[in-house]
Amino acid sequence: MRKLLLCLVLACTSVWVLAADDSSDKGKSDTRTITGCLSQGDNAKEFNLKAEDGSTWEVRSSNVSLAEHVGHTVTATGVVSNATAHNMKEDTKDMAHDTGMKKDNKEHGHLKVTDVKMVSDSCK
């Protein structure tokens with residue numbers, strides 16, 4: 001009985017390790033670089049970035065002027081707000097999607113921008 005239990009534990013651990021090593025992660029680092037269309041948010045300090053991959057980001061910055069890039073395609077680099085909670089939320093969405101639940105699997109988050117570069121003076 002102990003051998004059976006040990007085999008079960010080892011099998012579960014192996015599956016968990018393989019799942020954790022999934023290379024399809026969206027990039028779970030605290031810092032992200034996102035290219036997309038920048039628009040004005042709900043107030044003067046808040047902006048929205050709709051990325052080319054369909055993800056959406058609420059972005060702000062205290063040291064980069066985002067207002068001058070509204071309506072432009074930009075590449076923004078910044079720090080994900082509450083990165084641990086954000087990544088856990090995205091992992092949960094991924095698991096729900098993998099189990100066949102039909103749910104929008106587009107990433108959504110908050111980003112404090114540290115650098116922005118204009119790609120185009122218009123959005124697609």
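Each reported figure results from applying straightforward, stated rules to the coordinates on display, with no laboratory input. This is a predicted model, so every value here is computed, not measured.
If the chain between Asp53 and Met118 were fully stretched, how many nm would it gain, using 0.36 nm times the residue separation less the Cα-Cα distance?
Full extension from Asp53 to Met118 adds 21.6 nm.
If each residue of separation counts as 0.36 nm, what is the full-extension length gain between Asn43 and Glu68 once their alpha-carbon separation is subtracted?
Difference between extended and current length: 7.5 nm.
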